[in-house]
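Working notes for the structure below.
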Amino acid sequence: MRGSRDWRVWIISALAPLATAAAHAQPDLIFVPANAALPYAVRAYQEIWDEDGERIVAALETRTCLPFSEPTVTAVVDYAVSHSGGPDYPMRLRGSYAPDVKKATLVHELGHRHLWQLAERLEGVDGHMTLYLVLDRVWADVWGEEFAEDRIQYESNWGDDYAVAWAWAQSLGTEERSRLWNRLLVMNGFPDGCGSLPEVVE
């Protein structure tokens, strides 16, 4: 009997990594240059995704308690302002950003797309406020706390809307962020009690 039990334990241990991989199915990101002058920027974004893509997706899924819903995302690299696109439109990423801004913006816009699953939103809480409940934690998971703090300051200088959204998110403690996020999940038909929103560094 002991041999049979040991065999079952071995099977469970062997399958555990496969279950984890299935929980974080890696989407394909296809980076497309808007013109012939942008191949270098495309390569830079591709290198970020090749190196950190798995951790980005795992962090987004863990922090939001939502599986990544898009198997493929196209991102046009251009000199224009970055945006998340739409269900039938590609994401757009500015090619002239510095390396750390490329990293942060890739996650920012991908985060917006990831949160399209939350069709119902909290009253008085706009899209950036909603994203900012989790975005700094995703950045910190992938690149560390100092990176996250620097990116918050950088985005806060983009304009009043961003500054207000970040100030609001940063004013909330861990329990309040978790309460609001769980309420969002329930409003959208997802299970209550998301237990994977780790502490906010305050």
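Using 7 Å Cα-to-Cβ label points, what is the Thr72/Asp88 separation (nm, one decimal)?
Label-label distance for Thr72 and Asp88, simple model: 1.8 nm.
Return the sequence-ordered ³J(HN,Hα) values of the range 63-71 in whole Hz as given by the Karplus equation 6.51 cos²θ - 1.76 cosθ + 1.60 applied to θ = phi - 60°, using x for Gly and Pro.
My calculation for the range 63-71 gives 6, 9, 6, 10, x, 5, 9, 9, x Hz in order.
Points 7 angstrom from Cα along the Cβ direction at Ala167 and Ala36: gap in nanometres?
That separation, rounded to one decimal, is 4.8 nm.
Can you tell me the FRET efficiency between Asp126 and Glu175 if r is taken as the Cβ-Cβ distance and R0 is 22 Å, rounded to the nearest 0.05? Please list the in-between numbers first.
Working: r = 22 Å, r/R0 = 1.00.
For R0 = 22 Å, the calculated efficiency reads 0.50.
Label the range 44-117 by shape, choosing from rounded, prolate and oblate, from the square roots a ≥ b ≥ c of the eigenvalues of the Cα gyration tensor; if a/c is under 1.5 it is rounded, and otherwise prolate applies when a/b is larger than b/c, oblate when it is not. Please report the intermediate quantities before stating the final value.
Working: a/c = 1.94, a/b = 1.28, b/c = 1.52.
Because a/c hits 1.5 or more and a/b fails to exceed b/c, the range 44-117 counts as oblate.
Where a number appears in this text, it was derived from the coordinates with a stated rule and is not lab data. Treat the numbers as computed from the prediction; the structure is a model and nothing was measured. Heads up, the Cβs are rebuilt from the backbone with ideal geometry, glycines too, and the neighbour counts pull from every protein chain shown.
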